[in-house]
Amino acid sequence: MKNSRARFRAALIAAPLTVAATGMLIGAASPETPHAPKAIATSAETLSVADSLSTAFSNVATYVLPSVVAIENRLDNSRQSVNQPLPSEDGVPNQGNPFKGTPFEDMFRGRGGMGQDRQPSPSPSQRGIGSGIIIDSAGIVLTNNHVVAGGGKVIVKTQDGREFVATEVLTDPSTDIAVVKFKGDASLVAAKIGNSDSMKVGDWVVALGQPFGLESTVTAGIVSAKDRGIGIADRESFIQTDAAINPGNSGGPLVNLRGEVIGINTAISSQGGGSNGVGFAVPSNMAQWVSGQLIANGKVKRSYLGVSIQPVSYELGAQLGVAPKSGVAVTDVFPETPAAKAGLISGDVITKFGDIPVATPQQLQMAVERSPMGKPLTVHVIRDGKPIELSYQPEAAPKDFVADTKSKSNQGGVKMESLGLEIGSLTPDVAKQLEMEGQKGVVITQVKEGSAAETAGLERGMVIVQVNRQDVATAKDFEKAIAADQDGSILMLVRSGKGSRFVVIQK
């Protein structure tokens with residue numbers, strides 16, 4: 001112990017000497033006094049641009065935040081009826097989770113992403129916190145369905161600290177949009193709704209809301225993509241953004257630099273529970289139309305067409321005589337539907353619906369559903385490489401609409417080595433096993449690994465309905481159509497349990 005203390009004292013004594021020696025060495029090597037760092041050379045023009053952008057963000061926040069609200073969905077077990085689902089074990093009502101069974105389920109439950117965030121509350125109540133935006137000072141808020149679903153007591157909290165109890169909640173689970181009504185007053189500030197169709201990829205946007213229960217939070221980013229479908233709702237055409245979005249932002253606004261709402265924040269893709277720069281918002285044009293329907297009718301009335309559709313890829317466009325992404329291909333037309341009455345057929349490419357150009361299935365779906373009933377519309381179509389016009393009469397989508405594509409089948413069989421494909425007869429027994437009773441076509445019985453057929457996405461159990469726009473009812477029809485191909489690029493219309501689609505096989 002004594003030796004140890006001696007060593008410690010020696011170290012203390014030696015330290016100043018070492019420092020002093022070091023200081024002398026530095027002094028010898030650097031006799032001149034060090035100069036202060038030079039100022040960063042930034043041009044006045046660059047600073048002006050940066051200041052302008054900063055001012056724009058600040059102005060947006062000042063302008064929009066008074067319209068942003070927090071929404072609390074308080075679920076009281078004592079008030080639950082037998083028809084209202086109880087909260088799940090993590091406090092989130094099962095009915096209110098539109099992401100259940102998808103890769104987005106965990107983020108909804110509060111472990112990352114959007115959704116109703118769990119906050120401590122006295123038993124037996126459970127609480128969920130989300131965001132919303134005032135669109136009418138009389139007391140109307142736009143938010144997400146999953147924020148208010150579950151049958152709880154919905155409370156709207158404004159920026160000035162006031163709380164309002166919702167008098168009515170109207171929802172549309174198909175788009176995950178909801179309208180919350182309460183008794184407002186003239187002191188409330190309504191946000192301005194913008195035109196989401198005018199937004200371009202790369203445009204600046206700002207997200208506002210209550211992430212993690214932190215009020216009045218503003219984040220900025222750009223529009224990363226448009227017309228995204230991510231499989232969490234029946235009707236999707238999301239705006240994708242890298243503006244930081246986190247739990248609690250659900251239902252809050254995504255706005256442009258003019259302070260106009262161009263989206264309702266709905267979901268993020270996250271593996272770790274935080275913002276990874278991939279967020280999704282329901283476009284304002286869709287949200288505004290849905291909310292207008294809810295306010296006027298209490299529900300959403302949609303028109304329908306009665307077709308199966310798919311995007312036009314480069315290969316498919318070459319086969320159908322159109323440019324890639326210049327329209328939407330019709331793969332199936334169901335009997336006794338508005339599409340059948342209009343004269344649409346499989347293989348048509350819809351390029352314009354009424355006055356609206358359509359290049360994606362999402363765009364066509366929205367255009368169809370918003371069509372005012374009783375007012376005929378012109379459908380612009382490319383058929384066999386030539387433009388034609390058809391007249392569509394909008395009709396309300398029946399609740400029990402089920403596609404019926406049944407007809408008679410035939411027998412036969414053939415193997416196509418060049419394609420790596422083997423087909424068989426679609427007998428009644430086979431059709432029944434595939435749940436395609438009465439379907440006309442030939443069934444794929446084998447697909448060779450690494451073959452052209454596999455590359456094109458063909459799978460065993462699919463039914464081939466057409467080859468190069470010619471119906472095939474037997475194996476002989478199929479073989480004849482393949483033999484007649486001249487350019488080595490074969491267009492097939494196939495059907496499966498997932499629906500109909502075109503595929504292109506390169507021989």
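All of the numbers you see were taken from the coordinates with simple rules; none came from a lab. Computed from a predicted structure; not experimentally measured. Every residue, glycine as well, gets a Cβ built from its backbone with ideal geometry; the counts of neighbours run over all protein chains shown.
Data overview
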{"item": "Residue order, fewest to most surrounding Cβ atoms within 10 angstrom, among TYR304, TYR314, TYR392, TYR63", "result": "TYR314, TYR63, TYR304, TYR392"}
{"item": "Ranking of ASP227, ASP332, ASP185 by count of other Cβ atoms within 10 Å, fewest first", "result": "ASP185, ASP227, ASP332"}
{"item": "Cα radius of gyration and Dmax for the range 317-376 (Å)", "result": "11.8, 36"}
{"item": "In order through the range 229-236: 3J(HN,Hα) via Karplus (6.51 cos²θ - 1.76 cosθ + 1.60), integer Hz, x for Gly, Pro", "result": "x, 10, x, 10, 9, 5, 10, 10"}
{"item": "Net lengthening on full extension, LEU257/ALA323 (0.36 nm per residue, minus Cα-Cα)", "result": "20.3 nm"}
{"item": "Calculated FRET value between SER54 and ALA138, using beta carbons and R₀ = 41 Å, to 0.05", "result": "0.70"}
{"item": "Length added when fully stretched, LYS299-TYR63, from 0.36 nm per residue minus Cα-Cα", "result": "81.8 nm"}
{"item": "Footprinting exposure proxy for HIS380, HIS146 (fewest neighbouring C-beta atoms within 10 Å first)", "result": "HIS380, HIS146"}
